[in-house]
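Read the structure below first, then the notes.
All of the numbers you see were taken from the coordinates with simple rules; none came from a lab. Because the structure is predicted, anything quoted here is derived from the model rather than measured. Here the Cβ is made from the backbone with ideal geometry for all residues, glycine too, and neighbour counts use every protein chain on show.
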Amino acid sequence: MKNGDQIPLLGLGTWQSAPGEVGEVIKNAIEVGYRHIDCAAIYGNEAEIGESLSEVLSAGKVARKDLWITSKLWNNAHRKNDVRPALEKTLSDLKLDYLDLYLIHWPVVFESGVGFPSKAEEYLPLSEVPISETWVEMEKLLTEGLVRHIGVSNFSVKKLKEMSEYAQVMPEVNQIELHPLLQQKEMHTYCKDTGIHLTAYSPLGSRGRSESMKKASEPNMLTNETIQKIAQERGCSTAQVILSWSVCRGTSVIPKSSNLGRMKENLAAADIELSENEMQSIGTLDEHYRYIDGKFWEIKNGPYTAASVWDE
Ligand code: A2P
């Protein structure tokens, strides 16, 4: 980060980490060495994560300064008076007095109080609640020290460029879907050139998400031939090849797992250094394929389409 803070490149995703299970997952994660936990208000599990964080911190198993905790502002709290209360709720649930990173979760706005809209009127267009209105409030949270860094998620290069016209502080992070089938090379170059750090979500293709969010047939990166070949040659797993590809590109990566064996396996990927040849052969796999395609924001007569969200 610009102030010298370090974001651990291999973090733990908590989307789809089930209530009743996630508390144990967090304690195990910290025990085996995770220091970066990615959360969000809408995942519905921050209170349980907070119980575990409080337990490990008060037991002295880890110091707060050695943890990197990210959370995200949900789409129903973009209006200027809603941002701070949303952050305060997250801090209270996580039992923390500051976050390392707070992100605007999506460039999509809902009416206050709406979790997931079921009709077009529950959406608000960006022309009515612009990102600039929300961003001013994010900057205030930074000034007050309630969050150490601010950023965005699911933002296009176009939207980042628009922000540079009004932001006093540019987003330090953009968290987006990134993996060998969605390499986002233009974004990667733009962020490198402008000092924005990228975090890769759904790095393994998010196979655990609900069936309603999946397409009839989806590519499975874990059985991709090129990735399998590299894994066999190295004696590691295909998931590790994919995760180390992210780390070798200089992005952080937040695989979700609730399984202790796979959590350890994923963390160990941070120590694998792929060769230039291996990076190049993974580089050829790009299909611009989105598992999280944004079509779930489309509703008849609504203000958003997947194309307007991604600007493509
Ligand atoms: P589980 O929690 O049972 O380990 P993503 O991070 O792309 O959203 O992917 C998360 C999904 O991938 C979850 O279903 C998770 O299941 C599974 N997963 C996580 N790590 C691995 C791994 N090393 N190998 C295979 N599947 C994994």
Problem set entry | Cα centre as origin, Lys/Arg/Asp/Glu Cβ charges: the range 1-123 dipole, Debye | 400
For this session: Considering only DSSP beta bridges where both residues belong to the range 40-157, give the percentage that are antiparallel (nearest 5).
Result: 20
Problem set entry | Residues R249, R209, sorted so that the one with the fewest Cβ neighbours within 10 Å comes first | R209, R249
For this session: Return S237, S52 ranked ascending by Cβ neighbour count within 10 Å, so the fewest neighbours appear first.
Result: S237, S52
Seminar exercise, completed: Counting sequence-distant residues (5 or more places) and residues on other chains, those with an amide H built under 5 Å from that of L73 are L103, I104, H105
Seminar exercise, completed: log10 I(q)/I(0) for the chain, Debye formula on C-alpha points only (no solvent), q = 0.12, 0.15 Å⁻¹, two decimals, reads -0.80, -1.30
Problem set entry | When the convex hull of its Cα atoms is projected in every direction, mean area for the range 235-312 (nm²) | 7.2
Seminar exercise, completed: Dipole check, the chain, charges on Cβ (K,R +1; D,E -1), about Cα centroid: among I292, A18, P130 the Cα furthest to the positive pole belongs to A18
Exercise. How much of the DSSP beta bridge set in the chain is antiparallel, as a percent to the nearest 5?
Worked result: 10
Exercise. Size of the dipole of the range 124-237 about the Cα centre, Lys and Arg at +1 and Asp and Glu at -1 on the beta carbon, nothing else charged, in debye to 20?
Worked result: 500
For this session: Considering the options L198, P171, L222, tell which one lies farthest towards the positive end of the dipole of the range 160-223, charges being +1 on Lys and Arg and -1 on Asp and Glu at the Cβ, about the Cα centre.
Result: L222
Exercise. In a shell of Cβ-Cβ distance under 11 Å around K256, excluding K256 itself, what net charge do Lys and Arg (+1) and Asp and Glu (-1) give?
Worked result: +2
For this session: Assign unit charges at the C-beta atoms only (+1 for Lys and Arg, -1 for Asp and Glu), then state the dipole size of the chain relative to its Cα centre in Debye, rounded to the nearest 20.
Result: 180
For this session: Please list the non-local residues whose amide H lies under 5 Å from the amide H of F110, H modeled 1.01 Å from N, same-chain partners needing a gap of 5 or more.
Result: N76, A77, H78, L124
Seminar exercise, completed: The farthest towards the positive end of the charge dipole of the chain, of the residues F110, N277, S153, given +1 on Cβ of Lys and Arg and -1 on Cβ of Asp and Glu, is N277
For this session: Using only alpha carbon pairs under 8 Å that are at least six residues apart, calculate the relative contact order of the range 185-252 and give it in whole percent.
Result: 35
Exercise. What number, rounded to the nearest 500 deg cm²/dmol, is the helix-based mean residue ellipticity at 222 nm of the chain, given -39500 (n - 2.57) per DSSP H run of at least four residues and division by all its residues?
Worked result: -10500 deg cm²/dmol
Exercise. How do C39, C191, C248 line up, fewest other C-beta atoms within 10 Å first?
Worked result: C248, C191, C39
For this session: Write down the Å³ per residue value for the convex hull defined by the alpha carbon atoms of the range 5-144.
Result: 112
Exercise. Between rounded, prolate and oblate, where does the range 82-204 land on the alpha carbon gyration tensor, with a ≥ b ≥ c its root eigenvalues, rounded for a/c under 1.5, else prolate if a/b exceeds b/c?
Worked result: rounded
Exercise. Which entries in the list K140/K161; K72/K140; K215/K256; K27/K215 go over 24 Å, if you measure between the two C-alpha atoms of each?
Worked result: K27/K215
